[in-house]
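Below is one structure, written out as structure tokens, with a few remarks after it.
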Amino acid sequence: MGKNKLDKFYNRTIDQRIEALMTEKYLEQRPIDDFKESLILPEEIANHMIENQIGTYQLPLGLALHFLIDDKEYLLPMATEEPSVIAAASFAAKTIAVAGGFTTEITDRVMIGQIALKGIKDKEQAIHAISAAEEEIITIANEAHPSIVKRGGGACGINIRWIERDQEQDTSSFLVVHLHVETLEAMGANMINTMVEAIKPYLESLTAAKAVMGILSNYATECLATARCRIPVDVLARRGLSGVEIRDRIVEANQFAIADPYRAVTNNKGIMNGIDALVIATGNDSRAIEAGAHAYATRSGQYRSLTKWTKAENGDLIGELTIPLPIGTVGGSIGIHPGATFTHQMLGYPDAKRLEAIIVSLGLAQNFAAIRALVTDGIQKGHMALHAKSLAINAGATGDEVKKVTQALRKAEHMDLKTAEQILAKLRS
Ligand code: MEV
């Protein structure tokens, strides 16, 4: 991998980083300006992506380093506006790589489309009629989108759910039919919406009821990704604290996030810091993943931490994260957005299951980094270092000046733009 060649990556200029990636063959050799230009979203493509387009809104794209996932090394492209997130992910991944890296388990990629029926007169008869017509329902769905069947996927089953009338919430009862669809490399929203709309009239005729709607469900409980890691305590020891102490604090912090929804939301937000950044960078729908992940966090009836950190019998720290991850490697903006084209190339063109494995591992790393910081130094120490650097740059520092102003600023009484400007002026005089 030539790991050493990327050492102190954060200390290099952008051009030096790109050059190092080319030398290490993560990127093909080409003029650096060509590479930078290749990441820009052309206006005509942007104009085709949305309505009323007037410009583009850019996010920084960075790389998280040191990821070892199922014995393969990765650099993870992340699009995020938040300082510290990429540094934290890299730091966590480095520790976890020393301990053997992440292992993952990915379920079959089955997405769900829903048709809700209202005004069912005879519940048992309707359920029986739909069950008996399962084959026909699947045929109608697949005929509406034959190309997925040719590629080896398509509708593969149904599930029928009865939702009882809720007087307190003032809701009717619904008979809900779930269509299960193997979407292969696609996230499959369009495909599923086409299919459910095609079977809607048939379900109405079978039940003599009215379909409220047919739509994909973003609660993709049949498309789950799990990442695990196992960290020996000696790898955890840090700054005068023993590995045992840090392990126990991490387990305790996780218990707090499992028990208390107020903490769980922040804990899970930290997980999504990493997941969203990679989901966005790969041209996927971050809102779909966010919505599904948070719903999954409530599956016990209470909103809880998505991660679980426990102590193994031999004392190792064990981490686990499972979330629904209905991402795709084709479709949507993936094939047309130059940033997404680049990130898929950077990851070695993973298939959808592999991409899920990479994304869920990043989420686990992000959580490990956050809670380790929270139970040791707190997160402000690292944040303030990055804040000082950003103030130095905002004050106009360039090249070597950035480091010098940052260092002086961290020792100064007030860490603000005015102080950064004064330090820079003094340095230059
Ligand atoms: C900040 O964006 C994320 C954290 O608050 C996550 C957490 O508290 O676990 C640091």
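Calculate the all-directions average of the projected area of the chain's alpha-carbon convex hull, and give it in nm².
Directional mean of the projected Cα hull area for the chain stands at 26.2 nm².
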Check: C-alpha center the stretch 171-209 vs C-alpha center the stretch 59-93, spacing in Å is 38
Please sort 57-67, 162-172, 19-29 by packing, taking for each peptide the average over its residues of neighbouring beta carbons within 10 angstrom, highest first. 57-67, 19-29, 162-172
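Pairs to check: 269/311; 94/389; 381/418; 25/72; 36/269; 389/426. Give those whose C-alpha atoms are more than 19 Å from each other in this structure. Please report the intermediate quantities before stating the final value.
Working: 269/311 24 Å; 94/389 23 Å; 381/418 21 Å; 25/72 16 Å; 36/269 31 Å; 389/426 17 Å.
Table pairs above 19 Å Cα-Cα are 269/311; 94/389; 381/418; 36/269.
Which value at 222 nm does the chain reach when only helices count, each DSSP H run of 4 or more adding -39,500 (n - 2.57), with the total divided by all residues and rounded to the nearest 500 deg cm²/dmol? If you can, show how the numbers build up before the last one.
On the way: 17 runs with 208 residues, N = 429.
The helix-only estimate for the chain comes to -15000 deg cm²/dmol at 222 nm.
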How much of the accessible area of the stretch 382-428, probe 1.4 Å, is carbon plus sulfur, in whole percent? 53
In whole Å, what are the Cα extents of the stretch 287-352 along the three principal axes, biggest one first? 47, 31, 15
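Please give the per residue accessible area of the stretch 248-358, computed with a probe of 1.4 Å over protein heavy atoms only, in Å². Write out the running numbers ahead of the final one.
Values: 4340 Å² over 111 residues.
Accessible area per residue: 39 Å².
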Sort 234-241, 258-265, 303-310 by packing, meaning the average of other beta carbons within 10 Å per residue, with the highest value first. 303-310, 258-265, 234-241
Debye intensity ratio in log₁₀ form over the Cα atoms of the stretch 250-389, taken at each q of 0.09, 0.15, 0.19 Å⁻¹: -0.31, -0.81, -1.10
Could you work out the relative contact order of the stretch 175-244? I mean the mean sequence separation of Cα pairs under 8 Å and 6+ apart, divided by the number of residues, in percent. 19
Given the C-alpha centroids of the stretch 309-331 and the stretch 338-403, what is the distance between them in whole angstrom? 19
Using a 1.4 angstrom probe on heavy atoms only, work out the carbon and sulfur share of the accessible area of the stretch 138-240 in %. 49
What's the tally of Lys pairs in the stretch 110-217 whose alpha-carbon atoms lie under 14 angstrom apart, where the two lysines are 8 or more places apart or on different chains? 5
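Once the Cβ-Cβ distance between residue 291 and residue 238 is put in as r, and R0 is 41 Å, what FRET efficiency do you end up with, to the nearest 0.05? Intermediate values should be presented prior to the final figure.
Numbers: r = 36 Å, r/R0 = 0.87.
With a Förster radius of 41 Å, E is 0.70.
The values are calculated or read from the model by the stated rules, or taken from the named source; none is laboratory data. Note that the coordinates shown come from a computational prediction; the quantities given were computed from them, not determined experimentally. Backbone-built Cβ (ideal geometry, glycine too); neighbour counts: all protein chains shown. Side chains are part of the model used for accessible areas, which takes the heavy atoms of the whole protein and leaves out ligands, DNA and RNA. Shrake-Rupley method; radii C 1.70, N 1.55, O 1.52, S 1.80 Å.
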